[in-house]
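Asks: First the structure, which I've put down as C-alpha cells, then a few questions once you've had a look.
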Amino acid sequence: MNYFVKTISDKGNIAVDDTILVKGVQTAAGSRILEGFEPLFSAEAVTRLEKAGYEIAGKTHVGEFGLDLTGEFSYYAEKEETLKGAAAEAVAKGAVKAALGVDMNGATRRSAALSGVDFLKPTYGTVSRYGIVSCAASGEQMGVYAADVEGIKEVMDVIAGYDEKDGTCLKKDYDYSTKEDIKGKRVCVIKELVEKADAETAGRVKAYADKLAKAGVVVEEISLDIFDAANTTWQILMTAETCNNVSRYDGVKFGYRAKEYNNIDELYVNTRTEGFNFLTKAVILYGSDVLSKNRYDDCYGKSLKVRRVVSEKFAALMEKYDAVLTPVCSKSAYTAYAIEDAFKTVFEESVFTAVANLIGVPALVSGGVQLMGKAFSENVLLSLAGSMERAGE
C-alpha cells in the first residue's frame, strides 16, 4: 500500500494517493507510464498540511489515473479478489489519521463506502488542484478520507482556500461545521438510484433515511430523471479531457520509455502501448472519437449543453431540499473482474457519482451512503452525517 512511511507527528499522519505530488517521492498515478517520476515540488494541499504540523506518512495506490472502480488496476499493487481502495483501508485500519484522494470518476467515494469510512468531495474549486496528476480538469477535485466528519473538518480547514497557482481555485470563505441543528432540514431520496442498487445497499439507504427522520429531518422519496443523462455526459467529457491530458506521456521527458524503437514515431507508439493499461487505452480511444471532427458537435459540444441543463435541474431541486440521499455504488462489495470489462463496469457504477463531478457540487460518503447538496453546502452535509455518527448510528 505505502511507497514510504515516516514517523507520526503530534498533529497526526496523513496519507496521499498516488495522483497527488509529494516532492522527491515517486508519483505514478497507478500507471507504468509514469514509473520513476519523482516531482520537484509537492501539491499545495500537501504543503499546507506539512506547514500546519501534519506528517505525510505514505503514498497509497490508485487505479491507473483513477479510472477504475476502487484502484484494482494499479500497475504497482498486488491483485486481490475483494476490491477495496488503499487510502480508505488505511484510514479504516487506523494506519493514518486521514488521507487525501482525487475524485474524478467516483472511485474515492466508492472506496469509502466499501471500507466504512467517510469521504468528502468538496465543491469544485474549494481545494487547490495544483500538484495533482490531472486528467479531467473540469470535474476532478481533491477530497478527504477520515474515520468521521470531525476528521474531515479538521483536514478541510487546513487545505481549503484560494491558491493563486490554480486557476480553478475560488476566492471564498468556507464553512465545514459539523454540529449545526438538522431538525427541519429536508432530504430527498432518489427512487431511480435506489432501484439500481442491490437489496442490501437499498436497505442501507432506507435505514439511513429512517434515522434522519427520527432525528427530525423531513425525508421524502422522489423521482428525478437527470442521473443517467449526467453519467453519460460526464463520461463523454471525462474521456475527452483525459485523452487530451495523457497525450503528454510519450516516453521523451519523464516516466517509462519503451526499450525498442527505431524512430520517434515508434518511441511514442511503443511507449504508450506498453505504458498504458487496457482501460486507459479504451478511455483514450473513446475520448479521441468524441473529439473528432465528425463527432465533436454531436458528442462533446452537446455534452457541454447537457451539463448546463443538469446543473439547472439540480439547482431547482436544491431550492426544495437541503440534501440528496443516494447509494454510492450498486453493491456492498466488489470482486475481481477482467480489465476488458472495466469500461462498461465503471460506466454502470458511475451513475451514482457522476452528477457531482459533472456540475461540481459537494458529495459526502458516510455510513455507506452518499449525501449531495448545492455548491458550498458542505456544512449541511457534514452536520447531517455528524448527527448520525454522534447518535451511534
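Asks: Please determine whether any residue of segment 298-312 is surrounded by fewer than 16 Cβ atoms within 10 Å (Cβ to Cβ) and under 30 Å from Glu180 (Cα atoms). Don't jump to the end; show me each part of the working.
Replies: From segment 298-312, those surrounded by fewer than 16 Cβ atoms within 10 Å (Cβ to Cβ) are 298, 301-302, 304-305, 308-309, 312; that's our starting set.
Going one step further and asking which of them are under 30 Å from Glu180 (Cα atoms), we end up with 312.
Checked segment 298-312: at least one residue is surrounded by fewer than 16 Cβ atoms within 10 Å (Cβ to Cβ) and under 30 Å from Glu180 (Cα atoms).
Here's the yes/no breakdown for (1) on the phi < 0 side of the Ramachandran plot; (2) surrounded by fewer than 24 Cβ atoms within 10 Å (Cβ to Cβ); (3) in contact (Cβ under 8 Å) with a residue 60 or more places away in the chain; (4) not basic (Lys, Arg):
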| site | (1), (2), (3), (4) |
| --- | --- |
| Asp322 | yes, yes, yes, yes |
| Val328 | yes, no, yes, yes |
| Ser332 | yes, yes, yes, yes |
| Asp341 | yes, yes, no, yes |
| Pro362 | yes, no, yes, yes |
| Gly367 | no, yes, yes, yes |
| Ala375 | yes, yes, yes, yes |
| Ser383 | yes, yes, yes, yes |
| Met388 | yes, yes, yes, yes |
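Asks: Taking the condition in a loop (DSSP other than H, G, I, E, B) and either under 12 Å from the mean Cα position of the chain (by Cα) or within 26 Å of Thr123 (Cβ to Cβ) (or both), does Val46 pass?
Replies: Numbers: in a loop (DSSP other than H, G, I, E, B): no; either under 12 Å from the mean Cα position of the chain (by Cα) or within 26 Å of Thr123 (Cβ to Cβ) (or both): yes.
When the stated conditions are applied, Val46 does not pass them.
Asks: Which residues, taken from segment 244-274, are surrounded by 16 or more Cβ atoms within 10 Å (Cβ to Cβ), part of a helix (DSSP H, G or I) and in contact (Cβ under 8 Å) with a residue 60 or more places away in the chain?
Replies: The first filter runs over segment 244-274 and keeps only residues surrounded by 16 or more Cβ atoms within 10 Å (Cβ to Cβ), leaving 244-246, 249-251, 254-258, 267-268, 270-272.
Going one step further and asking which of them are part of a helix (DSSP H, G or I), we end up with 244-246, 267-268, 270-272.
Matches in segment 244-274: Asn245, Val246, Thr271, Arg272.
Asks: Scan segment 121-147 for residues that are farther than 18 Å from Ala52 by Cβ and either surrounded by fewer than 19 Cβ atoms within 10 Å (Cβ to Cβ) or of a type outside the set (D, E, K, R) (or both) and report the count. I'd like the intermediate steps shown before the answer.
Replies: Of the residues in segment 121-147, the ones farther than 18 Å from Ala52 by Cβ are 121, 123-125, 129, 132-141, 147.
The next check asks that each one be either surrounded by fewer than 19 Cβ atoms within 10 Å (Cβ to Cβ) or of a type outside the set (D, E, K, R) (or both); those that pass are 123-125, 132-139, 141, 147.
The total comes to 13.
Asks: Name the residue, out of Glu55, Glu64, Glu81, that is touching a residue at least 12 places away in the same chain (Cβ under 8 Å), among the charged types (D, E, K, R), over 24 Å from Lys165 (Cβ atoms) and surrounded by fewer than 24 Cβ atoms within 10 Å (Cβ to Cβ).
Replies: Numbers: Glu55 fails: over 24 Å from Lys165 (Cβ atoms); Glu64 fails: surrounded by fewer than 24 Cβ atoms within 10 Å (Cβ to Cβ).
Checking each option against the conditions leaves just Glu81.
Asks: Further question: Could you list all residues from segment 188-200 that are closer than 22 Å to Leu317 by Cβ and either among the β-branched types (Val, Ile, Thr) or not in a helix (DSSP H, G or I) (or both)?
Replies: Answer for segment 188-200, where residues must be closer than 22 Å to Leu317 by Cβ and either among the β-branched types (Val, Ile, Thr) or not in a helix (DSSP H, G or I) (or both): Cys188, Val189, Ile190, Val194, Lys196, Ala197.
Asks: Using beta carbons and a limit of 8 Å, which pairs, at least six apart or on different chains, have the first residue in segment 152-172 and in a loop (DSSP other than H, G, I, E, B) and the second one among the acidic types (Asp, Glu)?
Replies: Asp163/Glu44; Lys165/Glu44; Asp166/Glu44; Cys169/Asp163
Asks: In addition: Within segment 96-118, identify whether any single residue is part of a loop (DSSP other than H, G, I, E, B), surrounded by fewer than 24 Cβ atoms within 10 Å (Cβ to Cβ) and either aliphatic (A, V, I, L, M) or touching a strand residue (DSSP E or B) at 6+ places or on another chain (Cβ under 7 Å) (or both), and answer yes or no.
Replies: As a first pass, look at segment 96-118 and keep what is part of a loop (DSSP other than H, G, I, E, B): 96-97, 104-106, 116-117.
Retained after the next criterion (residues that are surrounded by fewer than 24 Cβ atoms within 10 Å (Cβ to Cβ)): 97, 116.
Filter once more, so that each one left must be either aliphatic (A, V, I, L, M) or touching a strand residue (DSSP E or B) at 6+ places or on another chain (Cβ under 7 Å) (or both): 97.
Yes, there is a match, as at least one residue in segment 96-118 is part of a loop (DSSP other than H, G, I, E, B), surrounded by fewer than 24 Cβ atoms within 10 Å (Cβ to Cβ) and either aliphatic (A, V, I, L, M) or touching a strand residue (DSSP E or B) at 6+ places or on another chain (Cβ under 7 Å) (or both).
Asks: Could you please give the count of residues in segment 296-312 that are of a type in the set (Asp, Glu) and under 13 Å from Ile359 (Cβ atoms)? Can you show your working first?
Replies: Just the residues of segment 296-312 that are of a type in the set (Asp, Glu), to begin with: 297-298, 312.
If we keep only those that are under 13 Å from Ile359 (Cβ atoms) as well, we get 312.
Total satisfying the criteria: 1.
Asks: Looking at Gly36, Gly24, Gly71, which is the one that is touching a helix residue (DSSP H, G or I) at 6+ places or on another chain (Cβ under 7 Å), within 27 Å of Tyr249 (Cα to Cα), in a loop (DSSP other than H, G, I, E, B) and of a type outside the set (D, E, K, R)?
Replies: Values: Gly36 fails: touching a helix residue (DSSP H, G or I) at 6+ places or on another chain (Cβ under 7 Å); Gly24 fails: touching a helix residue (DSSP H, G or I) at 6+ places or on another chain (Cβ under 7 Å).
Only one candidate passes the filter, namely Gly71.
Each value in this text was obtained by applying a stated rule to the coordinates, not by laboratory testing. This structure is a prediction, so every number in the text was calculated from the model and none was measured. Reconstructed Cβ throughout: ideal geometry from the backbone, glycine too, with neighbour counts over all protein chains shown.
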